[in-house]
Amino acid sequence: MKLLEKFKIPKMISSNVFVAVACPHDEESLTTLTKALELNIITGAYLCGDEKIIKKVANQNNINLDSFIIMHGETMEESANNVGILIMDDKAQFPMKGLIDTSVFLRAMLKREYGLRTGGLLSHLMLLHRESDDLVYIVTDGGMNIAPGVHEKAEIIKTAVELAEACGIDNPVVAPLTAKEKVYDKMPATVDADKLRQMNVDGEIKGCRVSGPLQFDNAISVESEKIKGVKDAYAGKANILLAPDIESGNILAKTMTYLAGFIGYGLIMGAKVPMVVVSRSDGEIEKLGSLYLARLVYEKGKDNA
Ligand code: COD
């Protein structure tokens, strides 16, 4: 897999890395975990879900479950809670979402007793990679924060910078996406983008260069920026695309994967450990790459501790 060659885990610090998966009720989740074991991305997995369904899917697809531990849950909620308990008890190192509604999974992960929350804002990030020209973008947040305000957006940027750094992208350019290059009070995203840029200038948002307000074309295309005469030092150079809200982030990432040849890898970060949060319709490549990315971020976190 190309992603493994591109972002190498610098140092495998942890000897025991178990993932706890909520509702691995589909073939792709089970084959992904089998491959992840073979590739040493994980050392084990807890399958938290309906035991009958898991065994049936495995039988139908000739998947050997001997290396996994099944933890039966009657409902999606119970299965997600079992994931939280395994993390709380330090039996599993990071959670993964299987065939379960994102909100149900996240609601369980947010329960204080499981200790995943550390006081900061959790946010969803998609790392998008196109193998044909090796282009990489981080799109955030199309999966967790529904309508973030400016301070939440600042937190989301900080988390995206952490992911960029974990992938070896230092001092990334952040583009808070809008529908206009100028501040326009009827478009709150332009007002927020300008505030975020100023917060970066003032040193409140560190480790990156915040541009904006910028439209998508001017954020990623130097040609477009030249034609339009946009006066923004970082126009056309974005690494991180900050969406104004969950819908635009979700639509942007899915457009890139379905229409522009990108492969998307999804994580929730900002908690004690990264969480693998991929779409239910994602295949093995996306799920395996997301697990790999979680391991990379997990090891970086250990490295910095
Ligand atoms: N980071 C840290 N704490 C949070 C966050 C966050 N991003 N969101 C909520 N919390 C805390 C709150 O402070 C509160 O203490 C507790 O969690 C509950 O928060 P509520 O009341 O907002 O909880 P919910 O259950 O109504 O909403 C939380 C969700 C994450 C479930 C909700 O925001 C949601 O459904 N997000 C969208 C998920 C989704 O469907 N994505 C689809 C695309 S894949």
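The values are calculated or read from the model by the stated rules, or taken from the named source; none is laboratory data. Small disclaimer: the values here were computed from a predicted structure and weren't measured. FYI the Cβ positions are ideal-geometry reconstructions off the backbone, even for glycines, and counts take in every protein chain you see. Each accessible area value is taken on the protein alone, full model and side chains, heavy atoms only, with ligands, DNA and RNA left out. Shrake-Rupley method; radii C 1.70, N 1.55, O 1.52, S 1.80 Å.
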Notebook entry, point to check: Between residue 209 and residues 5 or more places away or on another chain, which pairs have amide H atoms under 5 Å apart, with H built 1.01 Å from N, and which residues are they?
Noted result: 173, 174
Checklist line | Amide H partners (placed H, <5 Å) of residue 70, local residues excluded | finding: 47
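How high is the FRET efficiency from residue 184 to residue 226, r the C-beta distance, R0 22 Å, rounded to 0.05? Please list the in-between numbers first.
Values: r = 23 Å, r/R0 = 1.03.
About 0.45, to the nearest 0.05.
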Next item on the list: Note down the accessible area of residue 242, probe 1.4 Å, to the nearest 10 Å².
Entry: 10
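Helix-only mean residue ellipticity at 222 nm, the chain, DSSP H runs n ≥ 4 weighted -39,500 (n - 2.57), per residue, nearest 500. What is it? Walk me through the intermediate numbers first.
Values: 11 runs with 126 residues, N = 305.
The helix-only estimate for the chain comes to -12500 deg cm²/dmol at 222 nm.
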Notebook entry, point to check: Calculated FRET efficiency, residue 37 and residue 260, Cβ-Cβ r, R0 41 Å, to nearest 0.05?
Noted result: 0.80
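With Rg and the Kirkwood Rh both taken from Cα atoms, where does Rg over Rh land for the range 188-305? Please report the intermediate quantities before stating the final value.
On the way: Rg = 16.5 Å, Rh = 16.4 Å.
A ratio of 1.01.
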Check: Over the chain, what is the mean sequence separation of C-alpha contacts under 8 Å (at least six apart), divided by residue count, expressed as relative contact order in percent?
Finding: 21
Check: So what's the angle, to the nearest 10 degrees on a 0 to 90 scale, between helix 51-60 and the longest Cα principal axis of the chain?
Finding: 90
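Output the pairs from 97/195; 55/111; 153/186; 195/231; 52/111 with a Cα-Cα distance over 24 Å in this structure; if there are none, say none.
97/195; 55/111; 52/111
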Next item on the list: Taking a cut-off of 21 Å between Cα atoms, list the lysines near residue 228, but don't count ones fewer than 8 places away on the same chain.
Entry: 180, 182, 237
Notebook entry, point to check: What is the set of long-range amide H partners of residue 26 at a cut-off below 5 Å, with H atoms built 1.01 Å from backbone N?
Noted result: 99
Notebook entry, point to check: Nearest 0.05, what FRET efficiency do residue 75 and residue 15 give at R0 = 45 Å with Cβ-Cβ as r?
Noted result: 0.85
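Quick one, can you get me the convex hull of the C-alpha atoms of the chain expressed as volume per residue in Å³?
Details: hull volume 38.4 nm³, N = 305.
For the chain, the hull spanned by Cα atoms encloses 126 Å³ per residue.
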